[in-house]
Amino acid sequence: AFIILRYIPYFIGIACKSMNIPKGLSFVASVLRYTSHIRFIVLSHCGLVSGAKHLAEAIKSNPRINLISIDLSGNNRINDLEHLTASLEYIRNPLLSLNLADCGMSQEATTYLIRSLIKNKKLIQIF
């Protein structure tokens, strides 16, 4: 269902709150891999379990990504979050907001996040 959004330039964001979509990040990645229209991703409290690696691959492979805000708060079971935090250095435009509150970040994910922030100083707000 999400993949059709890559063909519709009028959609600039994907927002789902308090829904049970464990593979939501994989769905979003399938859109981001091919489009530059999506600016906002909000998947807070959605029971995300995996897919951060797919999202990271989409960010790395699409230099036209125009994300300005990512909110994955309240998803404390994402088992591959380190891939996403490592990929943030590849976002070329300013990422204004990153919310990973209550995501249960591992030490590895935190280390990658710090490295990405050092390399990409465009992040303005982090939770």
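The values are calculated or read from the model by the stated rules, or taken from the named source; none is laboratory data. Remember, predicted model here, so these are calculated numbers, not experimental data. Note: ideal-geometry Cβ built from the backbone for every residue, glycine included; neighbour counts use all protein chains shown. Quick note on the areas: whole protein, heavy atoms, side chains included, nothing else; ligands and nucleic acids left out. Shrake-Rupley method; radii C 1.70, N 1.55, O 1.52, S 1.80 Å.
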| said: Could you go through segment 89-98 and let me know if any residue there is touching a strand residue (DSSP E or B) at 6+ places or on another chain (Cβ under 7 Å), in contact (Cβ under 8 Å) with a residue 24 or more places away in the chain and farther than 23 Å from Phe11 by Cα. | reply: no
| field | From the options Leu123, Leu72, residue that is under 22 Å from Arg33 (Cα atoms) and touching a Cys at 6+ places or on another chain (Cβ under 7 Å) | value | Leu72
| said: Take Gly13 and tell me if it is under 21 Å from Ala101 (Cα atoms), open to solvent by 10 Å² or more (accessible area, probe 1.4 Å) and of a type outside the set (Lys, Arg). | reply: yes
| note | Residue hits (segment 88-102; under 23 Å from Asn66 (Cβ atoms) and not in a strand (DSSP E or B)) are Leu88, Glu89, Tyr90, Ile91, Arg92, Asn93, Pro94, Leu95, Leu96, Leu100
| Out of Ile70, Ile114, Ile21, sole residue that is part of a strand (DSSP E or B), over 20 Å from Tyr7 (Cα atoms) and out of contact with any Pro (no Cβ under 8 Å at 6 or more places or on another chain) | Ile70
| remark: Sole miss for Leu32 among (1) open to solvent by 40 Å² or more (accessible area, probe 1.4 Å); (2) among the hydrophobic types (A, V, I, L, M, F, W, C); (3) under 22 Å from Asp80 (Cβ atoms) is condition (1)
| request: From (1) modelled with pLDDT under 95; (2) over 22 Å from Ile124 (Cβ atoms), pick out the condition that doesn't hold for Lys53. | output: (1)
| What about Thr85, is it open to solvent by less than 20 Å² (accessible area, probe 1.4 Å), in a loop (DSSP other than H, G, I, E, B) and not basic (Lys, Arg)? | no
| When residues of segment 30-53 are limited to those that are closer than 17 Å to Leu100 by Cβ and assigned to a helix (DSSP H, G or I), the one farthest from the chain's Cα centre (by Cα) | Lys53
